[in-house]
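The values are calculated or read from the model by the stated rules, or taken from the named source; none is laboratory data. Note that the coordinates shown come from a computational prediction; the quantities given were computed from them, not determined experimentally. With ideal geometry, Cβ positions are generated from the backbone for all residues, glycine too; neighbour counts draw on all protein chains shown. Each accessible area value is taken on the protein alone, full model and side chains, heavy atoms only, with ligands, DNA and RNA left out. Shrake-Rupley method; radii C 1.70, N 1.55, O 1.52, S 1.80 Å.
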Amino acid sequence: MEIEVFFSDDASWVLNEANLFLSSEPVHHNLTLSLLHTRIDDREPGRYWVATNSRGVVGVVVQSPLNSRAIITPMKSEIVGKVVDAILDANVVLPGVAGDAATTARFAGEWAERNKSPVFPFLGLRLYEVPEVQEFSTVRGHFRPADLADRELLIDWVTCFSVDIGEQENTSDEEELQKRRVTSSHIVDRLVSDGHLWLWEDTEPVSMVARTTAVAGVVQVRLVYTPQKYRNRGYATTCVGKLSKQIRNEGYRCILYTDLCNPNSNAIYRRIGYCAVAEAIQYRFA
């Protein structure tokens, strides 16, 4: 079957064209679905590619913001090649790609071959879903939604989180640090406004966790972070357990991604009741 790849800068058009395909696997396609819904609301520019054959949509690639890595849905290898060709024919230079491990590796390989340049895998992830939250021991303190009084602390934590997971490198450059804080402030302001950022407080805030807006019945737990001085005390476990139970009680499927390099977090989530669904990976392009 002939594969065609269509480009658009309109997230609404992409969601309209690809919604049936994306909603058919709402856990595997959650990142793409969530990003499209967000871009419809905030109007931030993006680039979008939709691959189709005679049966309908068979793959979607999203790049937004315009300087970010592309996020790709799982797709067959022959579709990946067509998508890479379409992106290169449009003279778009991607800084990297992220998604399902097999699809992303194929995309990175095709990109390296066509550009005759190296690509670098740098973050292996595992996608988990919790069908039922298991009983877990809680620690001293209480769970509460973050508010504007926490803003400066949370900006610091979100900035540190991006370094911890490998999205950013440590730096002492003041201009770069200021840019990161601006980006973090936008994330914090949106999450606090939506009521989606939560804290564990033990006389003071000691750990945070966030959730996404439900899309196609799925909510992602994200931004799990505890400062170094508060780690190994059970705060993150309690945060994730509390929020996961809240999401499941609301009737949604609940997912999260973990760093495969961190065996402690993977073990923690399994104790809460999370089960592995798939692996994902991110690549940087030279």
DSSP bridge orientation in the range 64-209 - percent antiparallel, rounded to nearest 5: 75
Volume of the Cα convex hull of the range 1-94, divided per residue and given in Å³: 87
Relative compactness, the range 22-73, computed as alpha-carbon Rg over 2.2 N^0.38 Å: 1.14
In Hz, Karplus ³J(HN,Hα) per residue of the range 156-165 (6.51, -1.76, 1.60; θ = phi - 60°; x = Gly, Pro): 4, 5, 5, 5, 5, 4, 5, 6, 4, 8
Label-point separation in nm, Phe6 to Glu152, each point 7 Å along Cα→Cβ: 5.0
Over the range 84-230, relative contact order from alpha-carbon pairs under 8 Å, at least 6 apart, %: 19
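Given a Förster distance of 30 angstrom, what is the FRET efficiency for Asn67 paired with Leu20, based on the Cβ-Cβ distance and rounded to 0.05? Walk me through the numbers before you get to the answer.
Values: r = 30 Å, r/R0 = 1.01.
E(calc), rounded to 0.05, equals 0.50.
What ranking, highest mean first, results for peptides 234-247, 174-187, 104-117 when packing means the other Cβ atoms within 10 Å averaged over each residue? Show your work: numbers first, answer last.
On the way: 234-247: 22.9, 174-187: 13.7, 104-117: 17.3.
Top to bottom by mean Cβ count within 10 Å: 234-247, 104-117, 174-187.
For the range 155-283, would you read off the P(r) tail past 19 Å as a percentage of all alpha carbon pairs?
Working: 4336 of 8256 pairs.
Here the tail beyond 19 Å accounts for 53 percent of pairs.
Taking only DSSP H segments of four or more residues, each worth -39500 (n - 2.57), what value at 222 nm results for the chain once the sum is divided by all its residues, to the nearest 500 deg cm²/dmol?
Taking each H run of at least 4 residues, the total per residue is -13000 deg cm²/dmol.
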Label-point separation in nm, Thr203 to Ser185, each point 7 Å along Cα→Cβ: 3.2
Backbone HN-Hα couplings from phi across the range 225-238 [Karplus 6.51/-1.76/1.60, Hz, Gly and Pro as x]: 8, 10, x, 3, 5, 10, 6, 6, 10, x, 5, 5, 4, 5
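Probe of 1.4 angstrom, ligands and nucleic acids ignored: what's the accessible area per residue over the chain, in square angstrom?
The answer is 50 Å² per residue.
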Orientation-averaged projected area, Cα convex hull of the range 165-208 (nm²): 4.2
Highest-first arrangement of 28-35, 263-270, where packing means the average Cβ count within 10 Å: 28-35, 263-270
Cα-centred dipole magnitude for the range 220-280, charges only on beta-carbon of K, R (+1) and D, E (-1), debye, nearest 20: 280
In order through the range 265-280: 3J(HN,Hα) via Karplus (6.51 cos²θ - 1.76 cosθ + 1.60), integer Hz, x for Gly, Pro: 5, 4, 5, 4, 5, 5, 5, 6, x, 6, 10, 5, 10, 6, 10, 9
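Tell me the carbon and sulfur percent of the accessible area for the chain, rounded to whole percent, probe radius 1.4 Å.
Carbon and sulfur: 48 percent of the exposed surface of the chain.
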Stretchable slack from Leu88 to Val139, in nm (0.36 nm times residue separation minus alpha-carbon distance): 13.2 nm
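Charges only on Cβ, +1 for Lys and Arg, -1 for Asp and Glu: so what's the dipole of the range 176-283 about the Cα centre, in debye to the nearest 20? Please report the intermediate quantities before stating the final value.
On the way: 15 positive and 9 negative charges, 33 e Å.
Dipole of the range 176-283, to the nearest 20 debye: 160 debye.
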Cα pair count fraction exceeding 29 Å, expressed as % - the chain: 35
Column: log10 I(q)/I(0), Debye, Cα scatterers of the range 70-185, q = 0.16 Å⁻¹: -0.99
Within straight-line cross-link reach of Lys82, aspartates and glutamates at Cα separation under 20 Å, skipping those fewer than 8 residues along the same chain: Glu2, Glu4, Asp9, Glu17, Asp100, Glu110, Glu113
